[in-house]
Amino acid sequence: MNDQENIEHALAVDDAPVDTEGALARFRARVGREGVLPVSAAPRRRIAARWLQALAAAAAIVLVASGLALSGAADSILKIFEPKSVVGVPLTQGDLNTLGQACAGLELEQCLGAYGTFAWDTPPQPKEVTTLAAASSAAGFSVKTPSSLPIGVTGQPRYGVINKSSATFTFSADATQRTAAKQSRTTPPLPANIDGSKLFITGGPAVVQIWGVPQSSSPTVGSGMPTLVVGQAKSPVVSSDGVTVAELQSYLLAQPGVSPQLAAAIRAISDPASTLPVPVPAELAVSHQVTVQGVSGLFIGDNTGIASAILWQKDGMMFEVIGALTERQALDVANSMK
Amino acid sequence: MGLSVTLPASGHDSRATALPIAFERLFRTEYGRVVGIANRILNDTAEAEDVAQEVFFSFYRTHAADASYASAWLHAAAAHSALNALRARARRDRREAADAVAPDAADPADPAARVVAAETRDEVRAVLARLPERSAALLALRYSGLSYAEIAAALDVRASSVGTLLRRAEEAFRRELA
């Protein structure tokens with residue numbers, strides 16, 4: 001008996017037949033019991049799509065004033081959020097644990113469904129194009145691209161375009177209480193003026209440029225990350241049919257699990273209607289304001305110094321540079337964009 | 001008082017949910033293999049089936065059933081989850097060491113004989129639990145019948161490297177037994 005046969009013998013087990021149908025029935029019962037929804041669609045290219053989806057979620061949502069005006073609803077609509085600047089908001093591990101309960105592993109729609117009804121009017125549909133010109137044409141704006149790249153970022157980028165997307169969110173006191181009950185926690189009752197009110201969200205169009213993902217890549221579990229991602233999107237706009245930012249903020253910050261530090265950081269935002277708060281895990285990353293393209297932006301770096309990101313807003317557009325870069329390199333890339 | 005309490009009928013859950021067809025297909029195709037990988041590590045079919053349920057549940061929550069990497073993800077998760085369960089069992093066993101039975105003695109001068117002698121469940125599994133994660137996963141996947149290509153996909157290594165990595169894992173396994 002050779003060594004391999006010895007090991008095979010040592011690792012041999014009784015391969016008892018399994019009852020697949022019985023196991024599937026148990027699985028169905030658990031899914032029903034815990035109310036877990038499936039992930040709906042597989043991204044064609046996993047790595048690229050992950051970035052596209054992240055940007056789509058970040059740029060999330062809906063109803064543009066033009067659409068509302070056409071429907072005659074404009075008089076009752078109040079624009080409550082349009083970012084003109086970005087700021088980091090530190091989250092502790094405790095915040096992440098608590099706030100993550102409602103959304104762990106869920107898509108945006110499912111997560112927001114814990115507090116009401118989220119419906120895409122025009123869902124984001126990322127697609128890939130082959131050239132910068134095609135990306136500009138599809139997005140309807142001139143796409144800026146870095147004029148110089150750091151050492152280590154080579155080759156041609158891939159281009160993703162996300163259409164202008166819109167969605168409506170309707171707050172529901174019932175859904176909020178159901179979710180809290182399912183998670184065995186108590187939550188303050190949704191104020192009557194928020195229950196049933198709607199948010200109209202529009203985001204995009206957006207374009208992402210991704211370096212370091214081969215054209216022919218067939219991603220598998222744990223495949224490498226892109227070396228550089230540059231995103232540009234029309235600033236998202238959130239409108240409301242009644243509720244104000246202050247009312248929303250007051251309710252959300254009263255949720256159990258929101259630490260005093262997090263609440264203070266969010267309340268410290270002087271103009272919440274035009275400032276995009278970017279969550280920064282305090283134990284994992286650092287952040288500070290930087291000047292980029294002549295405006296104030298936000299630098300986020302992980303504690304290992306391996307990855308960094310810069311986000312800024314200028315001329316009605318949101319920009320982001322993300323990569324395995326030092327802060328200096330990330331700033332150089334951001335400032336070289338034309 | 002008009003209070004009434006309704007309990008679910010034993011053995012039947014009225015909240016059982018219809019799953020997407022693609023997921024059911026994936027479950028039927030891969031369940032046996034996922035249990036097999038976990039069982040290779042745990043040598044306990046019931047525990048392996050529990051691990052498989054958790055693996056499929058994690059996948060269901062976060063990935064689409066028709067994802068190209070679905071099988072590879074499940075295979076890797078089966079190995080890693082079972083190794084976690086094995087290490088938890090090893091910690092539990094150490095706490096209960098006072099009741100443990102000493103393994104059979106074998107001739108330390110003869111590694112081959114030592115491997116054969118190490119057929120007891122506890123010793124072989126203890127060795128797996130001590131091995132580096134990737135080495136233990138490699139052995140479990142290979143000796144569960146996965147091809148080099150399937151192992152490469154599951155562990156995100158080049159297919160051309162699997163043979164070398166496997167030999168190193170086998171050597172490490174033998175060293176741990178020696």
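No lab work stands behind these numbers, since they all come straight from the coordinates. On a predicted model such as this, the values are computed, not experimentally measured, just so you know. Cβ: placed from backbone, ideal geometry, glycine included. Neighbour counts: every protein chain shown.
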Legend entry - the stretch B:58-72 and the stretch B:138-170: distance between their alpha carbon centers, rounded to Å: 21 Å
Legend entry - Formal net charge of residues neighbouring A:G323 (Cβ-Cβ distance under 13 Å; K, R +1; D, E -1): -3
Inset, instruction - Could you pull out every residue, at least 5 positions away or on a different chain, whose amide H is within less than 5 Å of the one on A:Q293? Hs are placed 1.01 Å off N in the peptide plane, and Pro or chain starts have none. - result: none
Inset, instruction - Using amide H atoms built 1.01 Å from N in the peptide plane, name the residues 5+ places from B:D66, or on other chains, whose amide H lies under 5 Å from its own. - result: A:A42
Legend entry - Listed peptides A:143-151, A:233-241, B:34-42 by packing density, highest first (mean Cβ within 10 Å): B:34-42, A:233-241, A:143-151
Legend entry - 3J(HN,Hα) from dihedral phi, the stretch B:79-90, Karplus parametrisation 6.51/-1.76/1.60, rounded to Hz, x for glycine, proline: 5, 5, 5, 5, 5, 4, 5, 5, 5, 4, 5, 4
